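Single-structure report; data block below.
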Amino acid sequence: MASSESRALGFHLSIAVLACVPGLILVSDMLYSRLGPDPGEVVTKSLGMAAFQLLLATLCLTPLRKLTGWPGWLRVRRMLGLFSFCYAALHVLAFFQFIIGWQDLWSSFTRRPYIIFGLIAFVIMVPLAATSSKAMMRRLGKRWKVLHRGVYIVAVSAWVHFLWQARSDVGEMLAYGFLLLFLLVARVIWSSAFKRRFVSGVQ
Amino acid sequence: MIIKKRPAWSLPHSQVTPESVFLNRRRFMTGALAATAALALPGYGAAGSLPVPGEMLKYKKMPDWSTDEGLTPYEDATSYNNFYEFGTDKGDPKRYASALKTAPWTVTVEGECSKGGEYALEDILKPHDYQERIYRLRCVEAWSMVVPWIGVPLADLLTQFEPTPRARYVYFETLFEPEQMRGQRSAFSTIDWPYREGLRMDEAMNELSFMAVGLYGKTLPNQNGGPMRLVVPWKYGFKSIKSIVKIRFQETRPKTTWELIAPSEYGFYANVNPEVDHPRWSQKRERRLPSGLFSVNWMDTQKFNGYGDQVAQLYRGMDLKRFF
Ligand code: HEM
């Protein structure tokens, strides 16, 4: 009979494996030359997409916990956030290597609005990743929570970064936008301040 | 690489790598031995070559009008396309373009000309001999290809409709048929279909301007703009409108699709110009496809995509930073 410990471990591992899937697909496409004639662009895009999707997945965990009451969801939060950060870092590296070839750095980051939003998202992700450990959580205490609310800015900036790339069809961007909006609104509604103000009589 | 005067472009066709070698690229890259064998193959129809879909066309090679740069393999040129009528992903056109019915195909000719009307495609092509021209194709997204087009000079095609002196611009339209073109069914598209493009009359009459009906010796695959598309090699790829059903001669300058969506990003002229940056992409360099992952095939972008000798005089006295 599986103990709850080992079940939690199994859950942790399966989520980790799932988070690796986008990277594994890329590696296998690379090995089998399935990336097409402009592989650099495909790799850059796929990494950006993986970073963004995992970021949204990370933001789903708290609502999932509220809805299901199962605390296990929160145990994979740090890991998913770090996966998202890793994909984002590789995405930025891929951008330098494949899209601009390490040239025109300055104009890329000053003149192209969609890149600026990507940069904002990434720059904020760095301190969040750096302070994600348990030790840092303990050291920063209350301030940790405040700092890590920065993830909402990351998510919104990354979404704007994505939306701004739409050339003619915004369907996909809107779908992700609604998911993000739902995740943010859910947090506002569940926040204690909101409850105190609007539903105090009920609860 | 700078393209020099006409004779310098010339290249006997025998020096262009045969199609079978390109089609076998994957295979011949698997081993040095296989590569040697593939290179030794004597040309079209060689053993083991995949057939190119579409009908064979009869055409004359035009080495004077062709670059000698290595061709982008057929497979890449027909599987990596921007043709938003079928979706915004580069693979969508190949995936979905088979829904397009290219026969029968009617072209409406109207406006400032004396021979307007509705024509069956065959009828407007019949008077002309096909040529093959190998042109560079530069996309605004900073990648480029080299494609052997089959078709007729645009000037020859347009002259048969006898444009009047009032015709200062020529306008083109792509088919609008949401049943066949799934991208046109998208509720979230910002494109006001049909896709529209245009040229100044003197640009259209330039010897480089070409109306393609084929590539790699065969009829155009749908995803490349079959059955008939424009090719203006000194302009960014989006000017080269695909699957054309309407040609109109006008006195006033037409508004083009991308100009309508984002006038600050896409101009009417859209001449390839490394000195004018696009807000999304630097235009100084391009990735010539196929590109490697760890050895990106960078090339410096040339003004007018290297066709300055043929077209620069069209823009004499114009500020190309303003008229981008
Ligand atoms: C310095 C920071 C960043 C830069 C310079 C950057 C650059 C880019 C570029 C150039 C593209 C377009 C690729 C192409 O079409 O060839 C792109 C796409 C994308 N990026 Fe970023 N990015 C940055 C940070 C981020 C971050 C932090 C995220 C998410 C957490 C992200 C998510 C995405 C997504 C979702 C796409 C669209 C992928 C698609 O269209 O399928 N990016 N980025």
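The values are calculated or read from the model by the stated rules, or taken from the named source; none is laboratory data. As the structure is a computational prediction, the values presented were derived from the model and not from experiment. Quick reminder, even Gly has a Cβ in these numbers, built from the backbone with ideal geometry, and neighbours come from all protein chains shown. Each accessible area value is taken on the protein alone, full model and side chains, heavy atoms only, with ligands, DNA and RNA left out. Shrake-Rupley method; radii C 1.70, N 1.55, O 1.52, S 1.80 Å.
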Practice problem: Calculate the mean, over all residues of peptide A:40-50, of how many other protein chain Cβ atoms lie within 10 angstrom of the residue's Cβ. | Solution: 2
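Of the listed pairs B:Lys235/B:Lys255; B:Lys239/B:Lys321; A:Lys45/B:Lys239, which have alpha-carbon separations greater than 20 Å here?
The answer is A:Lys45/B:Lys239.
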Quiz prompt | Degrees between helix A:171-190 axis and first principal axis of chain A (Cα, 0 to 90, nearest 10) | solution = 20 degrees
Exercise. On a 0 to 90° scale, report how tilted helix A:77-94 is relative to the longest principal axis of chain A, with both axes built from alpha carbons and the result rounded to the nearest 10.
Key: 10 degrees
Quiz prompt | A:Met137 versus B:Thr106: modelled label distance in nm, points set 7 Å from Cα along the beta carbon direction | solution = 6.9 nm
Quiz item: How large is Rg/Rh for region B:132-222, to two decimals, with Cα atoms and a Kirkwood Rh?
Solution: 1.01
Quiz item: Under the definition of partner shielding as Cβ atoms of other protein chains within 10 Å of a residue Cβ, what is the mean value for peptide B:287-296?
Solution: 6
Quiz item: How far is it, in nm, from the label point at B:Asp129 to the one at A:Gln165 when both lie 7 Å from their Cα along the line to the Cβ?
Solution: 4.8 nm
Quiz item: Any idea how far apart A:Leu64 and A:Leu147 come out in nm if each label point goes 7 Å out from Cα toward Cβ?
Solution: 2.6 nm
Quiz item: What ranking, highest mean first, results for peptides A:131-137, A:156-162 when packing means the other Cβ atoms within 10 Å averaged over each residue?
Solution: A:156-162, A:131-137
Quiz item: Cross-link list A:Lys66/A:Lys195; B:Lys90/B:Lys303; B:Lys94/B:Lys218: which exceed 18 angstrom alpha carbon to alpha carbon?
Solution: B:Lys90/B:Lys303
Quiz item: Summing -39500 (n - 2.57) over the DSSP H runs of n ≥ 4 in the protein assembly as shown and dividing by its residue number, what mean residue ellipticity at 222 nm do you reach, to the nearest 500 deg cm²/dmol?
Solution: -12000 deg cm²/dmol
Practice problem: Between the chain alone and the structure with every protein chain in place, find the residues of region B:72-104 that drop at least 10 Å² of accessible area; heavy atoms, 1.4 Å probe. | Solution: B:Asp76, B:Tyr80, B:Tyr84, B:Thr88, B:Lys90
Quiz prompt | Accessible surface of region A:36-148, 1.4 Å probe, proportion on carbon and sulfur as whole % | solution = 70 percent
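Show me B:231-243, B:145-157 ranked by packing, highest mean number of other Cβ atoms within 10 Å first.
In decreasing order of mean packing, B:231-243, B:145-157 become B:231-243, B:145-157.
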Quiz prompt | 1.4 Å probe accessible area per residue over region A:2-193, in Å² | solution = 54 Å²
